[in-house]
Amino acid sequence: MNGHRLAEQFSTFAKQDHAARLGMWGFLGSEVTLFGGLFALYAAYRAMYGHEFVAAVGHNNLAIGTINTLILLTSSFTVALTVWAARAARSKLIAPLLGLTILLGCVFLLLKGIEWSQHFHQGILPGLHYRNREMQEFGAKVFFTLYFIMTGLHAIHVVIGIAVLGWFAVQAGRRLYTPEHHVTLEMATLYWHLVDIVWIFLWPAFYLMRG
Amino acid sequence: MSAAAPAAQNSPAPDYLHDGSGIASWLLTRDHKRIAIMFYVLIVTFLFLGGIFALVLRTELLTPERTIIDATTYNRMFTMHGVTMVWLFMIPAIPNIFGNFVLPPMLGAKDLAFPRLNLASLYVYAIGAIVVLAGMVAGGADTGWTFYVPYSAETKTAVAPVVAGIFILGFSSIFTAINFIATVHTLRAEGISWMRMPLFAWGIYATSIIMLLATPVLALVLVLVAIDHLFGFGVFNPAIGGDPVLFQHLFWFYSHPAVYIMVLPAMGVISEVVPTFAHRRPASYTAIAISSLGIAFVGFLSWGHHLFVAGMSELDAGIFGGLSMFVAIFSAIKVFAWTGTLYKGSIAFRTPLLYFFGFLFLFIFGGMTGVAVATQGLDVHWHDTYFIVAHFHFIMVGGTITAFLAAAHYWFPKMFGRMYSERVGLLASAAVFIGFFFTFFPQFLLGNLGMPRRYYAYPAHFQFLNVLSTGGAWLLGSAMLLALGNLVVALKYGKPATANPWHSRSYEWLSASPPITHNFEETPVIRRDPYCYVLSEHESRERSFPPSETAA
């Protein structure tokens with residue numbers, strides 16, 4: 001017994017796995033509209049305060065933002081390898097790969113924290129707490145409020161993703177995933193890919209679009 | 001599965017109400033039917049709570065100045081009325097009670113795809129409701145159910161817990177939506193193709209898509225309000241360059257489709273009730289099914305008509321107005337299909353059908369005024385007046401609540417295995433209609449005369465129409481109590497129901513009344529459609545289960 005049971009409402013494993021995947025993609029769709037609302041706000045405010053947004057993007061630390069992008073992309077690769085390992089019946093590799101992914105996620109959060117503390121020292125805080133002297137325009141204040149909300153919400157997703165992958169790493173230690181049955185692992189990796197892909201859009205919005 | 005069938009013949013399986021007893025067998029159940037019953041109890045409780053708020057409001061408006069409560073209490077009361085009715089009653093009502101109960105048997109399934117997620121949805125709903133109630137006990141918000149910034153960020157009332165509760169309720173919606181979508185895709189019994197699904201399943205499916213994609217935007221915008229209110233992180237705050245109108249855009253991006261979250265399941269109920277009691281195939285199955293998806297799609301593109309006076313170009317207003325009118329086209333397709341179904345039908349004049357007639361009248365009235373307010377020129381006159389209040393109550397109360405009551409009576413025998421009193425049911429239905437009409441029709445006139453919504457006091461010459469409206473509200477409240485009382489009495493004293501008391505051909509009636517925990521004694525294999533009234537009841541049953549192999 002490997003813990004994969006066919007629930008009584010399903011006639012075959014294929015249908016059960018199909019339902020699980022469909023449910024997960026539905027959930028990811030809802031996450032997309034969640035961030036979509038914020039990106040719509042970003043677009044509206046950028047149309048309103050174009051120059052001030054460009055100046056504010058220029059103020060952000062391009063090096064940290066880009067390194068973080070590379071880190072998340074690498075973590076997506078390592079997490080995708082876990083599904084490959086399950087399919088190739090090399091389940092011993094799953095736990096270490098998940099561990100590596102978690103480590104990369106933690107490094108991402110660490111760099112993000114360093115970046116935020118730099119902002120705080122410069123008096124760049126969200127909303128009414130904004131104290132920066134150099135950039136006093138409305139556009140800068142709105143930009144950095146959005147910056148904290150969007151990267152903050154993304155960071156919350158990273159933390160949740162790390163917790164989920166941690167739980168799956170423990171499960172993987174018990175050899176629960178086989179070439180036939182690994183749909184839950186696959187869904188956990190899909191969530192991590194979501195975390196990654198949201199960042200792929202945050203990166204240009206807050207670091208690259210400087211002109 | 002095949003081994004279970006002979007065993008069932010020897011000792012019939014207990015129905016779901018008697019399959020296990022004790023509190024734990026309910027609170028930890030994964031049976032979609034028991035979860036539906038628990039939702040039923042909670043949601044009806046909130047319906048009556050919201051109704052009490054409404055009666056207090058209407059009683060206050062009996063006289064032009066103070067009648068029973070002060071102005072601040074009044075503001076809190078209409079906010080709580082809206083919050084309770086929208087999020088605790090109307091959004092979850094039909095999907096989580098009737099969708100939960102009848103969707104699996106309608107598809108010939110034993111349960112939803114994710115039974116544990118379904119139970120989680122119930123608990124998340126309960127937690128969200130408790131948080132909202134805590135906010136009410138803490139004084140409640142006074143912003144109106146729309147929480148417009150900047151006021152919602154600045155008011156000293158308990159906005160945060162109310163908003164947090166609604167945020168939590170959103171997860172319940174998303175869980176349920178995922179569950180229904182996956183169920184429709186993967187758990188249809190052999191022979192139930194997409195175009196052989198009962199129409200209620202189409203309505204629930206379209207609703208689930210809206211719930212899934214729109215709810216996160218509401219969750220987001222409420223979080224933005226809450227963190228502004230609590231910490232001053234105001235992304236909409238004009239003091240840092242924010243634009244409050246953008247809040248309205250995001251809010252209505254959810255809340256306009258939310259109207260269709262409320263009305264599509266109602267249309268689904270009607271699409272079951274009409275063929276059953278007309279004993280006839282729907283005039284056009286395809287038109288009813290596809291127009292649900294059409295409404296779901298266009299519903300996402302019409303939010304702008306809430307912002308005609310908030311600053312919008314004439315071009316935008318024209319586009320949003322035009323798109324809004326598409327909803328009326330899809331709705332009209334349904335209305336014609338329903339009435340066409342009645343034509344030459346063999347009509348059984350029962351309570352659910354009487355609710356349908358009420359629905360038809362009120363929905364057409366509400367829908368036609370909806371087309372009128374979708375034009376910018378007229379909307380500027382009616383915006384924020386009682387005309388709008390009357391319009392959306394005609395759709396939501398006149399549409400959703402009458403359909404909710406139709407469903408409560410229609411599936412009552414299936415859910416509880418008893419028959420309600422038809423005479424009392426018909427009386428309550430007529431009283432609901434009359435009470436409703438007198439509550440809200442005068443509000444159209446008041447709005448057209450210029451009485452603004454949400455005002456505590458009004459000029460004396462508006463009093464006559466307000467008294468009519470208040471009288472209607474009391475009648476409506478009493479009629480709802482009568483309808484509920486009739487059903488509650490029937491739980492204990494009603495005559496036992498047969499498996500298919502309405503002689504419907506829809507698949508959920510193939511199960512016993514009340515159904516066993518797995519819904520069907522043997523797995524259905526369907527070789528007919530759900531509206532084949534040309535076949536006899538016996539023949540349609542024969543074509544719903546696999547031919548018995550032992551006999552052959």
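No lab work stands behind these numbers, since they all come straight from the coordinates. If you're wondering where the values come from, they're calculated on a predicted model, not measured in any experiment. Glycine gets a Cβ as well: all are built from the backbone with ideal geometry, and neighbour counts include every protein chain shown.
Observations, loosely collected:
- Between helix B:386-395 and chain B: long-axis angle, C-alpha atoms, 0 to 90°, nearest 10: 10 degrees
- The simple Förster model, with R0 at 35 Å and r as the Cβ-Cβ distance, assigns B:MET195 and A:ALA40 a FRET efficiency of 0.45.
- Toward the positive end of the charge dipole of region B:250-388, with +1 on the Cβ of Lys and Arg and -1 on the Cβ of Asp and Glu, the farthest Cα among B:PHE297, B:HIS381, B:TRP338 is that of B:TRP338.
- Gyration tensor verdict on the protein assembly as shown (Cα atoms; rounded if a/c is under 1.5, prolate if a/b is larger than b/c, oblate otherwise): oblate
- Shielding score for B:459-472, defined as the mean number of other chain Cβ atoms within 10 Å: 0
- In terms of the mean number of neighbouring beta-carbon atoms within 10 Å, the peptides B:259-266, B:357-364, B:50-57 order highest first as B:259-266, B:357-364, B:50-57.
- A Förster radius of 22 Å, combined with the Cβ-Cβ distance separating B:TYR123 from A:ALA7, puts the computed FRET efficiency at roughly 0.65.
- Dipole magnitude of the protein assembly as shown about its Cα centre (Cβ charges: Lys, Arg +1; Asp, Glu -1), debye to nearest 20: 1060 debye
- Residues whose amide H lies under 5 Å from that of B:GLU190, counting only those 5 or more places away or on a different chain, are B:ILE526; hydrogens are built 1.01 Å from N in the peptide plane.
- Distance from the alpha carbon centroid of region B:136-194 to that of region B:248-274 works out to 13 angstrom.
- Take each residue in B:212-219, count the other chain C-beta atoms within 10 Å of its C-beta, and the mean is 5.
- Per-residue ellipticity at 222 nm, computed for chain A from helices alone with -39500 (n - 2.57) per DSSP H run of at least four residues, works out to -26500 deg cm²/dmol.
- Given +1 at the Cβ of Lys and Arg, -1 at the Cβ of Asp and Glu and no other charges, the dipole of region A:67-208 around its Cα centre is 340 debye to the nearest 20.
- Binned Cα-Cα distances of region A:67-208, short to long, each 5 Å bin given as a whole percent: 2, 10, 19, 19, 14, 11, 9, 6, 5, 3, 2, 1
- Helical segments meeting 20 Å axial Cα length and Kyte-Doolittle 1.0 threshold in chain A (DSSP H): A:62-87, A:94-121, A:138-173, A:183-203
- Ranking B:HIS185, B:VAL86, B:ILE227 by how far each Cα lies toward the positive end of the dipole of chain B (charges on Cβ) leaves B:HIS185 at the top.
- Region B:61-78 and region B:295-355 have Cα centres spaced 34 Å apart.
- Within region B:49-113, the trypsin sites (Lys or Arg not before Pro) that combine a DSSP coil assignment with at most 15 other C-beta atoms in a 10 angstrom radius are B:ARG66.
- Residue (of B:LEU250, B:THR498, B:ALA24) at the positive-pole extreme of chain B, dipole from beta-carbon charges: B:THR498
- Within-14-Å neighbourhood charge of B:ALA283 [Cβ basis; K, R +1; D, E -1]: +4
- Dividing the summed helix terms, -39500 (n - 2.57) for each DSSP H run of n ≥ 4, by the number of residues in chain B produces a 222 nm estimate of -21000 deg cm²/dmol to the nearest 500.
- Helix B:159-186 and the long axis of chain B differ in direction by around 30°, with both axes built from C-alpha atoms.
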